[in-house]
Structure formats: C-alpha cells, structure tokens
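Note sheet for the following structure.
The values are calculated or read from the model by the stated rules, or taken from the named source; none is laboratory data. Remember, predicted model here, so these are calculated numbers, not experimental data. Glycine gets a Cβ as well: all are built from the backbone with ideal geometry, and neighbour counts include every protein chain shown. The protein model used for the area step is the full one, side chains on, heavy atoms only, and it has no ligands, DNA or RNA in it. Shrake-Rupley method; radii C 1.70, N 1.55, O 1.52, S 1.80 Å.
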Amino acid sequence: MKESQLWFLQLITGALLLVLAFSHISTFSSLIGTGYKTGLEYSSLIERAKPLFYVIFYSVFLTVLMYHANYGLRTLLIEFTGGKYKTLITMGVFIVAFITYLYGLWEIIIFHLMAGGG
Amino acid sequence: MSTVTEKVEVKMEEKAVESKQITKEIVFKVYRFIPGKDTEPRFETYKVPVYRGMTVLDALFYIKENMDHSLAYRHSCRMGICGSCGMLINGLPRLACQTQVLELDSNIIEVKPLPNYPVIRDLATDFSSFFNKHKNVKPFIIREDKEEQENPAGEYLQSPEELLLYMQFSYCIKCGLCNAACPIMATDDLFIGPQALAQAYRYIVDNRDQGAEQRILVLDSAHGVWRCHFAGSCSAVCPKGVDPALAIQLLKRIVVSQSLGVKKPKHKTEIKPISKEHKPNPKIPEAPPRTVK
Amino acid sequence: MEEEKIEISKNVVPPKVIPKYKLGLKAWISPFKFNFERWMYTLHRVTGVILVVYVYMHIYVTSIRVLGDGTGWTNLMNAFENPINYTGEIIVIAALAIHGANGIRLILAELGYAVGKPIRPEYPYKPSSLKGAQRTIAIILMILAGIMILFTILEYVPLYSQFFRG
C-alpha cells in the first residue's frame, strides 16, 4: 500500500475514534453513563457484555484503534531513527500490533461468552 | 557653487557620524569550530560596540576585522536576497544581514551555525544535501515533448491568475532557514524538507509543466510529503514570505487525491504544446543567438 | 539535458570530526520561541505517546476480567482507588481531548482546507497559512478540549474527597 493511502486511513480512523472513544469513556461518566464506582463494578461489566452489540462495538473499536495507534507509533519510530530502519520498524510494529490485536479480540469474545451471550 | 556642495557634503558626513553613534556595547557569544585545531566546538565572547541600524552581519564584520581574523562565515549581498548568511541567532534561524542587533533586545547575543546541517567551520555549514534534495524533485519545467523542452519554437501564454497560483513559492532564495527550523529535519536525515517540497509544488501547479507524475513518485514516499505534520515553523522563519507550509498542505491534497483516484477539479489549465506551424509574433524582436552549448 | 553531477563541496574538504549538528529530540519537545502551530505539534506528539503507552497497557491490564472469576477485577478496582491513579486517569483523558481536538484541525489543514491561498508576498511577509482559518479553528477546538478536561476534573473531585475523608 502506498504511503498516501496509509496516511489517509489514519485520518479516517482518527475521525471514527473520536466517536468510538468518547462513547467508551462515557460508560463510566456520571453525566452520561452510570458513574465511576457503579460503572466499573464487575456486575455492570458482565451486564454490558451480554448483548451482541458489545462484540460488534468493541471489535470495530479495537481494529480502528490498533491501526491509528500503530501508524502513529511507526511514524514516531521512523522519524526518530532518521529513516534508516524503515522496513524493520514497519515489520516489528506490525507483529507487536497484530499479537495485541488478536489478544484483544480474544478477550472481547471470551468475556461475551462468559456473560452468557449467544 | 563649490561651497554649496561642500556644505552638503559636510552635512551628510555629520549625519552619517550621528547615525552611527555608538549606543552601547553588546556581548556576542559566537560558536567556533576549526577542524584540525579543535576537537569540540566552543564559544568565544566578543564585546562589540553597537550603533543604531547595525545588523548581526555588521557585527561579524567588526569582529573579523578588529578582533579575531580567524572567524569564518558566509555572506554576499548583505541585503537579504542571496540567502548565504543564515545563522541561529538567539535561538531562531535568521538571516544575519536582516537581523538588527538592537531589535533583538538582549545584552548577550548568541550566534550559532544553522542546525540540521553539517558544520564545515565556525558558522559555515554544508549545503550539499540541501541542494541534492532540491535536485531530486526536478525543479524545472518538464514537457512531454523533449524537443519542445530543449528548443522551444515560441512562447507559452500564462494569465496573471495562473501565475499567482505559484508565484509566491518562486521567491525562494534557498537560504535553508526552513530546513533548520523544521522539527522533522532535526531527527530524520532522509526527509526531503520544506524547501524542496515547496519547490515541487511550485512546478506541479505551474501550468506550463507536464511532469507532475514524475515528481509525485518522489513525494509519495515514506520520507516525502507525509513526514510533514504542519508544525508551520518553516513558514514562521522564512525571510521572503514563501510560506512553504502552505505549499506542502496544498501538495498533500494533490498527492492524496491522485493516489486515491479521486477526480479532483483541474487545478490548472493545460498549455498545449507549441504547434509546428507556430508563427512567432512579428511585434516581438527575435531572440539573440544562444550562448550556451 | 545531460545529467550533471552537482559537486558543490568539491573544494571543501569536510572535517574529519563533524560536531553534532542535528537538534534531535529537543526540536520535538521544545517549541519555545516558535509559532502557535509548533506548540500544537509538540502537544500532539506528547499526547500521542501518552495514549499509545496507555492503550497497550490498558488492553493487557483489563484482560484480568476474563482470567478466572470476578474477584481479580474487583481487587484491581479496589487497588486503583487512590489519588495517584485518579490523577493518571485525568491525564489520559486530557491527552485524549487535546489529541482529538488537534486531530480535527489537522484533518482539515493537511487536506489543504482552511490554510489560505497563495498570495503575492509583501513586507512584512506574514505567512497566510499561519493566520488563516486553521488558527482560529485550533483555538476554538482547544477551548472545547479545555471544557471537556474541566468536566472530567469536576467528576473526579468527589472521588478525591472521598479518599481523603473516608
């Protein structure tokens, strides 16, 4: 993929993240959500994980977040090392990101099944 | 009659002496590095008498003439058009000939060579990578017909509006202050740099040019236009108001719409090649014979 | 046109010892004396680093809810109820607000909108990209981010007082 397409995806994921991250945080906000203490209790976590929407929302959120954060990380590393190790850095960041991404997806699905979802 | 001219001359001399009245002495901390003698750079302080209207370049002349003959620095026009005297003066990259000492409002003035360029000696830096990056974006008009590019048979017509699209960026004097101020150039050696990117835009948007694809190959790379994050320091320090940051952001629009295949509105009207039956305008006198090649 | 090799430094022998000339990381985190957009660039970088570190940590720490039963999570939440953690969370949310607000402005500016258009340069050469619409938009967005940070701090105040009183 060309560098310009990767960069344009960064813009799109950034715009999406504004909405997704804000709604993720508002789950434990007192204004919009259920409040700090009650929103972070294990019972309310389980309750939120029951519907299928939980899996859809968090998988999309995780995908978008992983792309945006790791493009940024790759940019920082390439610019800091002066561009000598571009392929190495891209591959390394991709591997670490992919492992974390799979782990995060596994977490989401397992928690949904633990909560009793279908 | 001679007495009148004498009086005028005396008056002019008095005015010159009055305008050069020494107001105070200012300490100049100048970066020194003489390869072969020094293993590490050092700073030397000089007390320079300063008059109203004195520039940092005038101060360097004074130091070199009266205090230390070994000081090396670049200068040429002393009026801000050649781009030779770029230096880091009190923390900001500036042209030494365009910086008034009294306007810096400080009793200690630190003069260092431009950052992000290798130092040759004292305040002179190596600009070869700067010129190479400029050369890599092909800063000349490219036509598809090579014969027309080398031996044009007539003139291209360009309206004032079409000229205004790129005229601002053609005022670049290649002083290198923008590359010194850019935070990405501070860590990334391979980044093309704001000066070369602005010149690439100047040629892509010029409606006489047909070489946009060739340049975009260089620009759409990992060290091309995408390493710019709009910190804007290049435009802030440019002494001629070239505004490279504006050129780069507009260039990003062109590069990304080309790579995504989005049909953008034509940013310029193509100039057709000069036809073989072109008759030159009889009112325009014939050009003198070529002296090159 | 033949390929001419540019030999600028032919008569200049580069010194064997070249002192350090690149500004390095200092140019990223020290925007003093520079323009407003340079400060925004520094903030965007610093908040980006905070967020990347936090996101990786967050994915691994919250996996405790799927390992075993609910006691691991409850113990973690109890351990997190201290003012250092509250401050850390406020910093992360502030970083998100600033990064997001500046990001909106960058989406506009880096696509070539709100940066003005090429003009005929006239003394004193104030660049139009730095005083175009993007600076006003940036200030408005930063004020909005500041409001969000204020709301976050207000939300944590009862938690702080609960800790120090109870």
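Listed values, structure above:
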read-out	value
Relative contact order (%) - criterion: Cα under 8 Å, at least six apart; region: the stretch C:65-166	36 percent
Top positive-direction residue, dipole computed over the stretch B:91-174 with Cβ charges, set B:VAL111, B:VAL137, B:LEU163	B:VAL111
Solvent exposure of the protein assembly as shown as accessible area per residue, Å², 1.4 Å probe	54 Å²
Relative contact order of chain B, defined on C-alpha pairs under 8 angstrom at six or more residues apart (%)	15 percent
Selection from A:GLY72, A:PHE53, A:THR90 lying farthest towards where the dipole of the stretch A:27-109 points positive, charges on Cβ	A:THR90
Point-charge dipole on Cβ atoms (K/R +1, D/E -1) for the protein assembly as shown, about Cα centre, debye to 20	360 debye
14 Å beta-carbon shell around B:ALA96, net charge (K/R +1, D/E -1)	+1
The protein assembly as shown: mean projected area of Cα convex hull, nm²	38.9 nm²
The stretch A:74-79 - phi-based ³J(HN,Hα) in whole Hz, Karplus 6.51/-1.76/1.60, Gly and Pro as x	4, 4, 4, 5, 5, 5
Cysteines without a disulfide-compatible neighbour (Cβ-Cβ under 4.7 Å), the protein assembly as shown	B:CYS85, B:CYS97, B:CYS172, B:CYS175, B:CYS182, B:CYS228, B:CYS238
For the stretch B:89-98, Karplus couplings with θ = phi - 60° (6.51, -1.76, 1.60), whole Hz, Gly/Pro x	10, 6, x, 10, x, 9, 7, 5, 6, 9
Chains B and C, summed buried accessible surface - 1.4 Å probe, Å², nearest 100	4100 Å²
Candidates C:ALA27, C:ALA145, C:ALA79, ranked by Gaussian network fluctuation over chain C, Cα under 10 Å, top entry	C:ALA79
Sequence ranges B:65-76, B:199-210, ranked by mean other-Cβ count within 10 angstrom, highest first	B:199-210, B:65-76
Nearest-20 debye value, chain B charge dipole, Cβ charges on Lys, Arg, Asp, Glu	440 debye
Relative contact order (%) - criterion: Cα under 8 Å, at least six apart; region: chain A	30 percent
Reduction of at least 30 Å² in accessible surface, 1.4 Å probe, comparing all protein chains with the chain by itself, residues of the stretch B:125-140	B:PHE131, B:LYS135
Simple Cβ-charge dipole of the stretch B:196-235, Lys/Arg +1 and Asp/Glu -1, about Cα centre, in debye nearest 20	120 debye
Whole-percent carbon and sulfur share, accessible surface of chain A, 1.4 Å	78 percent
Residue order for A:TRP7, A:TRP106 - accessible surface, 1.4 angstrom probe, largest first	A:TRP106, A:TRP7
For B:ARG32, distant residues with modelled amide H under 5 Å away	B:ARG42, B:PHE43, B:GLU44
FRET efficiency estimate (nearest 0.05) - Cβ-Cβ, C:SER30 to B:LYS20, R0 45 angstrom	0.75
Most fluctuating residue given options C:TYR21, C:TYR60, C:TYR113, as computed from a GNM of chain C linking Cα atoms under 10 Å	C:TYR21
For chain B, calculated [θ]222 nm from helices alone, where every DSSP H run of n ≥ 4 adds -39500 (n - 2.57)	-9000 deg cm²/dmol
With at most 13 other Cβ atoms within 10 Å, longest stretch of chain C clear of loop GluC sites (Glu not before Pro) (DSSP)	C:8-121
Chains B and A together, accessible area buried on both sides, 1.4 angstrom probe, square angstrom	1300 Å²
Average beta carbon contacts from partner chains per residue of B:178-187, 10 Å cutoff	6
Per-residue [θ]222 nm for chain A (sum of -39500 (n - 2.57) over DSSP H runs n ≥ 4, rounded to 500)	-26500 deg cm²/dmol
Residue mean of other protein chain beta carbons inside 10 Å, C:45-55	4
With every protein chain in place, chain B: carbon and sulfur % of accessible area (1.4 Å)	56 percent
J(HN,Hα) series, the stretch B:42-59, from Karplus relation 6.51 cos²θ - 1.76 cosθ + 1.60, nearest Hz, glycine and proline x	9, 10, 10, 9, 10, 9, 10, x, 10, 10, 5, x, 6, 9, 4, 5, 4, 5
Solvent accessible area, Å² - A:SER43, 1.4 Å probe, full protein context	70 Å²
Unit charges at the beta carbon, dipole of the protein assembly as shown: most positive-side option, B:LEU251, B:PRO183, B:PRO282	B:PRO282
Built amide H within the under 5 Å cut-off of B:GLU110, gap 5+	B:LYS29, B:ASN90
GNM top mover of B:ALA96, B:ALA236, B:ALA196 - chain B, alpha-carbon springs below 10 Å	B:ALA236
Accessible area (Å², 1.4 Å probe, nearest 10) - B:LYS24	90 Å²
Accessible area (Å², 1.4 Å probe, nearest 10) - A:ILE56	90 Å²
Helix-only CD estimate at 222 nm, as mean residue ellipticity for chain C, using -39500 (n - 2.57) per DSSP H run (n ≥ 4)	-21500 deg cm²/dmol
